[in-house]
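Every read-out reported here was derived from the displayed coordinates using simple, explicitly stated rules and does not represent laboratory data. Note that the structure is a prediction, hence the values are computed from the model and not measured. With ideal geometry, Cβ positions are generated from the backbone for all residues, glycine too; neighbour counts draw on all protein chains shown.
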Amino acid sequence: MAYVSGAVPPTDLVGVVLAAGAGTRLAPLTRLRPKALCPVGGSPLVDHALARVAPHVADVAVNVHHGRLLMEAHLTRATAGVRPHLSVEPDRARGTAGALGLLRGWIAGRGVLLTNADAWLPADLTDLVAGWDGERVRLLCVEDPARGDFGDLRYCGAALLPWACVAPLGEEPAGLYEVMWRAEAEAGRLDLVTHAGPFIDCGTVADYLAANMDASGGAAVVGEGARLGEGCEVVRSVVWPDADVAPGERLVDAVRAGTVTVLVR
């Protein structure tokens, strides 16, 4: 990508993908695999997140806690063309701020392009990154008056954080809004960039299904190795890899994961 005069070059910017959450509201799917490995459009959410940040940074880290063994097995392979640094949180999840505090030695004075692994955000982050001078916090937001974090704007899972704001962060569990963003907003140092495209927080099974339907244009999403019985019908649904749909079965507005079926009504 092209960088304008005064912008932070990619060698001074690292990516961090937050992927340690429990995904409690996405149960029972998250009893089978961690939220970041739940597939949208046929690929795990964490792969989408890595692909989002990789073109703009020199290195990428992913934090892991819940489903650690499955996450480590997935991420130690080249994922989305990236082999990320793993930041293991073995005893407890550190939250969005604590995760960065734990990574301070790895970040080592560089700016951070942050993204969440639990959101469907098919966005080119070029406009977010372009022209950033490395001095102010910059957040990607969508218009959502009902759930706005900053007036009518809701944070949608991608941010640029200067080293000066990351350096003081501790390793104890904490959230970035509480320890950084609120103060920066009150001081007038927070830049908000509006994203006009899709954004779905995959917090519930209904939202997760909606993300898959957005990715596929409304067509059923059938994972690799899934077995579809003769005469079955799969409509506006997701079938995970290696799951079965019985002969003659009609699956509508549902997620089939292993032997688990969740109907969305």
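Loop by DSSP (not H, G, I, E, B), at most 15 other beta-carbon atoms within 10 Å: where is the longest site-free stretch of the chain for GluC sites (Glu not before Pro)? Write down the numbers at each step before the final one.
On the way: sites that count: Glu135, Glu171, Glu224, Glu230, Glu249.
No qualifying site falls inside 1-134, the longest such stretch.
Would you work out if segment 32-183 is rounded, prolate or oblate? Take a ≥ b ≥ c from the square roots of the eigenvalues of the alpha-carbon gyration tensor; rounded if a/c is under 1.5, else prolate when a/b is larger than b/c, oblate otherwise.
Values: a/c = 1.38, a/b = 1.20, b/c = 1.15.
In terms of gyration-tensor shape, rounded.
Among Ala119, Pro55, Pro34, whose Cα lies farthest out toward the positive end of the dipole of the chain, if unit charges sit on the beta carbon of Lys, Arg (+1) and Asp, Glu (-1)?
So the residue furthest toward the plus end is Pro34.
Using the Cα centre as the reference, give the magnitude of the dipole from point charges on the C-beta atoms of the chain (Lys, Arg: +1; Asp, Glu: -1; all else neutral), rounded to the nearest 20 debye. Let's see the in-between values first.
Details: 23 positive and 31 negative charges, 97 e Å.
So the dipole magnitude of the chain works out to roughly 460 debye.
DSSP loop (so not H, G, I, E, B), at most 15 other Cβ within 10 Å: list which trypsin sites (Lys or Arg not before Pro) in segment 17-107 pass both filters.
Arg77, Arg92
Separation of segment 134-178 and segment 209-265 by C-alpha centroid, Å?
The distance from the Cα centre of segment 134-178 to that of segment 209-265 comes to 35 Å.
Return the calculated 222 nm mean residue ellipticity for the chain, to the nearest 500 deg cm²/dmol, obtained by summing -39500 (n - 2.57) across DSSP H runs with n ≥ 4 and dividing by the residue count.
Working: 8 runs with 54 residues, N = 265.
Result for the chain: -5000 deg cm²/dmol, rounded to the nearest 500.
Cα-based Rg of segment 220-263 per 2.2 N^0.38 Å, rounded to two decimals?
Working: Rg = 8.8 Å, N = 44, 2.2 N^0.38 = 9.3 Å.
Compared with the compact-globule rule of thumb, segment 220-263 sits at 0.95.
Any idea what the dipole of segment 220-263 comes to, in debye rounded to 20, about its Cα centre with Lys/Arg Cβ at +1 and Asp/Glu Cβ at -1?
Details: 4 positive and 7 negative charges, 23 e Å.
Here segment 220-263 has a charge dipole of around 100 debye.
What ³J(HN,Hα) values, in whole Hz, does the Karplus curve 6.51 cos²θ - 1.76 cosθ + 1.60 give for segment 226-238 when θ = phi - 60°, with x put for Gly and Pro?
5, 10, 9, x, 4, x, 6, 9, 10, 10, 6, 9, 10
Enter the Cα centre distance for the pair segment 184-200 and segment 49-102, rounded to the nearest angstrom.
About 24 Å separates the Cα centre of segment 184-200 from the one of segment 49-102.
To the nearest 0.05, how large is the calculated FRET efficiency for Arg227 and Glu143 if R₀ is 51 Å and r is the Cβ-Cβ distance? Write out the running numbers ahead of the final one.
Numbers: r = 42 Å, r/R0 = 0.83.
Given R0 = 51 Å and the Cβ-Cβ separation, E is 0.75.
Rounded to a whole number of µm²/s, how large is the Stokes-Einstein D of segment 88-146 at 25 °C and 0.890 mPa s, given Rh as the Kirkwood radius over C-alpha pairs?
174 µm²/s
Can you compute the radius of gyration and Dmax for the chain, using only the Cα atoms, both in Å?
That works out to 19.0, 63 Å for Rg and Dmax.
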